[in-house]
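Remarks on the structure that follows.
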Amino acid sequence: MTAPVPRLEIKDLRRTYEGRPVVDGVSLQIMPGQVTCLLGPSGCGKSTTLRMIAGVEMQDSGTINVDGKLICDTVFRVPPERREIGLMFQDFALFPHLSVADNVGFGLKTGTKAEKRKRIEELLERVDLKRFIDGYPHQLSGGEQQRVALARALAPRPQIMLMDEPFSGLDNRLRDGIRDETLSILKEEDTAVLLVTHEPDEAMRMADEIALMRNGKIVQQGAPYNVYTRPIDRASVAFFSDANVLRASVSGALAQTPFGRFLAPGVPDGTAVDIVFRPQHVRIDFDRGGKGPAPTATDGAAARAVVERARFMGNESLVEFRMDHDGSMLKATVPNVFLPQPGAVMWLTIRRDKCFVFPVA
Ligand code: ATP
């Protein structure tokens, strides 16, 4: 059996600006119907990668293939307009002199007038803007214009769709609905999607696969669950959520902390490690009038801490503690409402199965 051919494959793409590598050997494969999110902090090279695939920017080296056919290397280059790649960028621009219908229909090159009109109506229906079909861009709000731009990008049923923060201008309430609708249209059409975002929530919600990018490189790639639960380093944990960090030294493959000992297999003696854990994996127990936590409440490795402040966040409460042992701060989240008074003494334990131990680089 032959291996399936990726719809989009980029190999070792590189781009340098003013001597600084901005995209530094990025490789990706995206299958038909797959959504891959290129996720990373501002300036890490996500948009530059997308622009090279779109053909509006030239790579210094590396190749781009569509359905196994080369479309761009350093000598051969299919021009952007012949790549049949749908684009939905941050700075979408509708044609101001064209009606909403004509904007959406702009990329429809084949089909009869009636077929084109049907496709335009269908898409405007799906982005909930059919009532504006004969209107003009200036009559629409920013969010509505963005939805028209989405419909325009989807209209020609591109085999590949490149999206750069396409939902960033929409308010929260609208965003979830539009995002889900866009995803279902793209899935129905079996489109390969590369979506750039710096928002972990958006990537978790949209992606079949997340490619985590930092300083021009993809540092980790996989299904959202795997990337979230098996981060490769401290920065990857912190990118997805708040993270607490305990620094400790290793002796006999164990790191000693006020929360007890943590396994550090294969880490040489004397090496510093960071034990990283998320606020939702901290357990809080009350102090029994200076006698410590109830004996059954902990595994014997509770650390004493004092509440610094507590805030209600909607679905959960965030409690910040000052640790007794070294005065450092630690964050814990608790479902629903839990707002202890500042100064209250508590005992903290952490879910060991949810901790990550990383040698300090
Ligand atoms: P953001 O999420 O903020 O859009 P990004 O990850 O998409 O960030 P890029 O837009 O790819 O990042 O930019 C990566 C780096 O390359 C940035 O430091 C940027 O300043 C630089 N850069 C991008 N385009 C150019 C250019 N034409 N000339 C010089 N430097 C550039």
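The values are calculated or read from the model by the stated rules, or taken from the named source; none is laboratory data. None of the values given here were measured: they were computed from a predicted structure. Glycine gets a Cβ as well: all are built from the backbone with ideal geometry, and neighbour counts include every protein chain shown. For accessibility, only protein heavy atoms count, side chains too; no ligands or nucleic acids. Shrake-Rupley method; radii C 1.70, N 1.55, O 1.52, S 1.80 Å.
Please figure out what share of the DSSP beta bridges in region 124-257 is antiparallel and state it in percent, rounded to the nearest 5.
60 percent
Given a Förster distance of 25 angstrom, what is the FRET efficiency for Lys354 paired with Ser27, based on the Cβ-Cβ distance and rounded to 0.05?
Once the sixth-power term is evaluated, E becomes 0.20.
Would you work out which of Val250, Leu162, Asn215 lies farthest towards the positive end of the dipole of the chain, given +1 charges on the beta-carbon of Lys and Arg and -1 on that of Asp and Glu, about the Cα centre?
Of the options given, the answer is Val250.
How large is ³J(HN,Hα) for each residue in region 137-153, as worked out from phi by the Karplus curve 6.51 cos²θ - 1.76 cosθ + 1.60 (θ = phi - 60°), to whole Hz, x for Gly and Pro?
Once θ is set to phi - 60°, the couplings for region 137-153 become x, 5, 8, 10, 6, x, x, 5, 4, 5, 5, 5, 4, 4, 4, 5, 5 Hz.
Just how large is the dipole of region 242-361 about the Cα centre, in debye to the nearest 20, putting +1 at every Lys and Arg Cβ and -1 at every Asp and Glu Cβ?
Charge dipole of region 242-361: 160 debye, to the nearest 20.
Residue by residue, what Karplus-based ³J(HN,Hα) values in Hz, rounded to whole numbers, does region 234-247 have, using 6.51, -1.76 and 1.60 with θ = phi - 60° and x for Gly and Pro?
Once rounded to whole Hz, the list reads 4, 5, 5, 4, 5, 5, 8, 7, 4, 9, 9, 10, 10, 9.
Using only alpha carbon pairs under 8 Å that are at least six residues apart, calculate the relative contact order of the chain and give it in whole percent.
Averaging sequence separation for qualifying contacts and normalising by length gives 15 percent for the chain.
In whole Hz, what ³J(HN,Hα) sequence does region 216-232 give by Karplus (6.51, -1.76, 1.60; θ = phi - 60°), x for Gly and Pro?
x, 10, 7, 9, 7, 8, x, 4, x, 4, 5, 5, 6, 8, 10, x, 7
Rounding to the nearest 10 and keeping the result within 0 to 90°, find how far the Cα-based axis of helix 113-126 lies from the longest principal axis of the chain.
Tilt relative to the chain: about 20 degrees.
Whenever you get a sec, line up Tyr225, Tyr136 from highest to lowest accessible area (probe 1.4 Å, protein heavy atoms).
Tyr225, Tyr136
Would you kindly state how much longer the chain becomes between Arg322 and Leu263 on full extension, computed as 0.36 nm times their sequence separation minus their alpha carbon distance, in nm to one decimal?
Working it through step by step, the gained length comes to 18.7 nm.
Let me know the charge dipole size of the chain about its Cα centre in debye, to the nearest 20, where only the beta-carbon of Lys, Arg (+1) and Asp, Glu (-1) is charged.
Computed about the Cα centre, the dipole is about 200 debye.
Under the rule of at least 5 residues apart or a separate chain, name every residue whose amide H is placed under 5 Å from the amide H of Arg309.
Glu320
Within the chain, what whole-number % of the accessible surface is contributed by carbon and sulfur, with the 1.4 Å probe and all protein chains included in the calculation?
51 percent
For the chain, the longest stretch holding no trypsin sites (Lys or Arg not before Pro) located in a DSSP loop with at most 13 other Cβ atoms within 10 Å is which?
Maximal segment without exposed cleavage sites: 110-287.
Excluding residues fewer than 8 places away in the same chain, name every one of the lysines whose C-alpha is closer than 17 Å to that of Lys116.
Hits, sequence-local ones excluded: Lys130.
To the nearest 10 degrees, how steep is helix 172-188 against the longest Cα principal axis of the chain, on a 0 to 90 scale?
Helix 172-188 sits roughly 60 degrees off the main axis of the chain.
Treating cross-link reach as a plain straight distance, find the lysines whose alpha-carbon is under 18 Å from the alpha-carbon of Lys46, omitting any fewer than eight places away in the same chain.
Straight-line reach from Lys46, under 18 Å: Lys11, Lys217.
Once amide H atoms are built 1.01 Å from N in the peptide plane, which residues 5 or more positions from Thr271, or in another chain, come under 5 Å H to H?
The answer is Val250.
With the dipole of the chain worked out from charges on the C-beta (+1 for Lys and Arg, -1 for Asp and Glu) around the Cα centre, which of Thr112, Thr16, Ala203 lies farthest toward the positive end?
Of the listed residues, the answer is Ala203.
Using a Förster distance of 25 angstrom, determine the FRET efficiency expected from the C-beta separation of Arg304 and Ile232, and round it to 0.05.
Once rounded, the FRET efficiency stands at 0.15.
Taking H placed 1.01 Å from N in the peptide plane, check which residues at least 5 places from Phe106 or on another chain put their amide H under 5 Å from its amide H.
Here nothing satisfies the definition.
Ignoring everything except DSSP H segments at least 4 long, calculate the 222 nm mean residue ellipticity for the chain; use -39,500 (n - 2.57) per segment, divide by total residues, nearest 500.
Per the formula, -6500 deg cm²/dmol.
Ignoring ligands, DNA and RNA, what accessible area per residue does the chain give at 1.4 Å, in Å²?
50 Å²
Taking the simple approach of a point 7 Å from Cα along Cα-to-Cβ for both Asp67 and Arg311, what is their distance in nm?
The answer from the label model is 5.2 nm.
Restricting the count to DSSP beta bridges whose residues both fall in the chain, what percent are antiparallel, rounded to a multiple of 5?
75 percent
Cut-off under 13 Å on the C-alpha distance; same-chain residues fewer than 8 positions from Lys113 excluded. Which aspartates and glutamates are left, in chain and number order?
Result set, ordered by chain and number: Asp102, Glu121.
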